[in-house]
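Okay, structure first, notes after.
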Amino acid sequence: MKLKPETVRIQHNFATYCRSGISKSIPGTRQNRIHHYRRLVFNVVKSTMKQAFPITHHLLGTKEWDELIHNFFEEHDCQAPQIWKLPYELLEYAEEISLAEKLNRPYLNDLLLFEWTEIEVHTMPDEEKPEFCPTGQMLEDPLVMNPEYRLIRLDYPVHIYSASEVTAKKGNYFVLVFRDLESGKVNFMNLSVLHAYLFEKAAIDEKNLLESIEEAAEIFHINNWKQLLKNSLKLFHEFKRQKALLGFKNYSCS
Amino acid sequence: MNGTVGIGFRRDLANEIINGNINPGFIEFAPENWMEMGGYWGKVRRKAAEQYPVTCHGLSLSLGSPEELDWNFIEQLKKFLDENNVRIYSEHLSYTKSANAHLYDLLPIPFREDAIQHVAERIRKVQDYLERPIAIENVSYYTPVAAEMDEATFVKSILEEAGCQLLLDVNNVYVNAFNHGYDAKEFISKLPLNKVAYIHMAGHEQVESDLIIDTHSEAIIDPVYKLFEWTIGQMKPVPVLLERDFNFPEIPEMNREMDQLQNIIYKHWEVNHEAKA
């Protein structure tokens, strides 16, 4: 590197001041001006985070929120060159510092994950659109699911209830977050463990729905086959209606 | 694109540009805000790139940083530039990363000899990898940092050492001349204007009696138009870009600003009045 150690130190000190507000010796600066850099730098990060996490921001209120973002920016080395990816780093940071416990809001990590997942699914790179037939046999034909999705597991149902209600409802929740391939709109579906299992089987495995239901009956010890079949079909018709299920691998339509 | 007026492609303006309510000669992407992005915004970006010639203005390359260059990022960048048939790629003469952390704003590089050598070497490496020249932009700065020379000498030396082009931001020259008490025309006269690849124009905000911040949130003021007119009288035709990032006005107002720039161009450069690209 062609930079002298002194120049490196000056640049680091300037950047450190912008992140922390802690002023170290930076020669040849105008002291009444450098605070503008800290203000401008911090405003960019603060506004990005507020836009990414509107519910968390609202819940925490200005004081707790500002403190969180200040601490994050000072303590965490931001790695994403693209600032729209930075909110994911706040989510990781919150987990690292056990923010939910510190603020006595046990649902907080789930809320941050839920808000981030909406951004992630909205912006993630396009997957190759698979070939499919729009019509087919729901039970017998292999299914073609929408490839642009995330399936997240939550301890608290932050996607259903308000903050004042969720703490008492700790459990095992799944949310399917997927992107409409045409409009790019992000949709959400609340799923039970069984339904999440069936979705993933359809999305990842080549098996048809009937085979997946048979497996699920065994794994989840479900004896009422008729009810299981009826509910599963209802679920997959809803997937189809909402375009989480695109269609069928039924080569007769090509 | 030479002699045409383009516009920074921001999400708030995207539909108006695609629908032709704003009809620039070219558009400029900040690649970091669009690369690796699919879905709705991916479609918007592709549609815009099909309709208009594209330039790119980077944010995170951090040419002045003491850090190692981020080659993963540069690889993605190259892919983006190629995919969008980008005509000119520019970056800021500043640093945005230090001590392994991005700061997402443009910090001033100390105007020093070792910094010239360091930045020029990095520009050369990136140019080699991208297989295209970089145009570096003179940035606004609000305080000098450990300077051993003036800004014009620093910028000019980097252009010579790196063999790169210049993105001349006329508003930044005005802002810096105001903030640091120098003569804007004298500054521009010291630069190698034959290396200018294109020009940026923007508005700013005066926050103290002796301080202007380069916000891109206001209309261009008359003294900056005058400095622009004087500047283009000194040089050959290049593309000219209007930057607006915040506080977007009504569309007719945006068009009025672009028209004003175009009319000044017509006075000084012999360009085809019908040509957009």
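The values are calculated or read from the model by the stated rules, or taken from the named source; none is laboratory data. Nothing here was measured: the structure is a model prediction, and the numbers come from that model. All Cβ positions, glycine included, derive from the backbone under ideal geometry; neighbour counts span all protein chains shown.
Some points to look at:
- Residue within region B:9-29 that is of a type in the set (D, E, K, R), crowded, with 24+ Cβ neighbours inside 10 Å and outside any strand (DSSP E or B) present: no
- When the strands (runs of 3 or more DSSP E) confined to region B:200-259 are screened for residues that are over 30 Å from A:N32 (Cβ atoms) and in contact with a strand residue (DSSP E or B) (Cβ under 9 Å, 6 or more places away or on another chain), those reaching at least 1 such residues are found at B:240-243.
- The single condition from (1) farther than 21 Å from B:I264 by Cβ; (2) in contact (Cβ under 8 Å) with a residue 60 or more places away in the chain that B:L242 fails is (1).
- The one condition in (1) in a helix (DSSP H, G or I); (2) surrounded by 18 or more Cβ atoms within 10 Å (Cβ to Cβ); (3) of a type outside the set (S, T, Y) that A:K50 fails to fulfil: (2)
- Search result, residues across region B:196-214 that are within 27 Å of B:C56 (Cβ to Cβ) and within 14 Å of chain A (Cβ to nearest Cβ): B:H204, B:E205, B:I212, B:I213, B:D214
- Qualifying positions in region B:253-274 - under 21 Å from the mean Cα position of the chain (by Cα) and surrounded by 14 or more Cβ atoms within 10 Å (Cβ to Cβ): B:M254, B:N255, B:E257, B:M258, B:Q260, B:L261, B:Q262, B:I264, B:I265, B:W269
- Search result, residues across region A:185-201 that are within 16 Å of the chain's Cα centre (by Cα) and part of a loop (DSSP other than H, G, I, E, B): A:K185
- Residues (closer than 22 Å to A:W84 by Cα, outside any strand (DSSP E or B) and either modelled with pLDDT of 95 or more or of a type in the set (F, W, Y) (or both)) located in region B:85-99: B:S94
- Residue list for region A:216-232, filter: under 23 Å from A:V177 (Cβ atoms) and in contact (Cβ under 8 Å) with a residue 24 or more places away in the chain: A:S232
- Matching helices (runs of 4 or more DSSP H) fully within region B:100-195 where at least 3 residues are facing chain A (nearest Cβ under 9 Å) and in contact (Cβ under 8 Å) with a residue 40 or more places away in the chain: B:113-130
- The one condition in (1) surrounded by fewer than 20 Cβ atoms within 10 Å (Cβ to Cβ); (2) within 17 Å of the chain's Cα centre (by Cα); (3) within 14 Å of chain B (Cβ to nearest Cβ); (4) of a type in the set (A, V, I, L, M) that A:L181 fails to fulfil: (2)
- Checking each residue in region B:230-252 for being surrounded by 16 or more Cβ atoms within 10 Å (Cβ to Cβ) and charged (D, E, K, R) picks out B:E243, B:R244.
- Residue count for region A:13-35, restricted to those that are within 7 Å of chain B (Cβ to nearest Cβ) and surrounded by fewer than 16 Cβ atoms within 10 Å (Cβ to Cβ): 3
- The residues of region B:198-207 that are surrounded by fewer than 21 Cβ atoms within 10 Å (Cβ to Cβ) and not β-branched (V, I, T), listed by number, are B:E205, B:Q206.
- Candidates A:A196, A:A163, filtered to the one that is modelled with pLDDT under 95, in contact with a Leu (Cβ under 8 Å, 6 or more places away or on another chain) and closer than 30 Å to A:P106 by Cα: A:A163
- Among the numbered conditions (1) within 17 Å of A:W84 (Cβ to Cβ); (2) basic (K, R); (3) surrounded by fewer than 19 Cβ atoms within 10 Å (Cβ to Cβ), the only one that B:K47 does not meet is (1).
- You will find that of B:S65, B:S90, B:S60, the residue that is under 24 Å from B:Y141 (Cα atoms) and more than 9 Å from chain A (Cβ to nearest Cβ) is B:S90 and no other.
- For region B:25-57, the set of residues classified as touching a residue at least 24 places away in the same chain (Cβ under 8 Å), within 11 Å of chain A (Cβ to nearest Cβ) and not aromatic (F, W, Y) consists of B:A30, B:P31, B:E32, B:N33, B:M35, B:E36, B:V44, listed by residue number.
- Residue check, A:L40 within 11 Å of another protein chain (Cβ to nearest Cβ), part of a helix (DSSP H, G or I), under 30 Å from B:E121 (Cα atoms) and in contact (Cβ under 8 Å) with a residue 40 or more places away in the chain: no
- For the criterion of being crowded, with 17+ Cβ neighbours inside 10 Å and away from chain A (no Cβ under 14 Å), B:Y95 fails.
- Restricting attention to region B:163-197, the residues that are among the hydrophobic types (A, V, I, L, M, F, W, C) and surrounded by 23 or more Cβ atoms within 10 Å (Cβ to Cβ) total 7.
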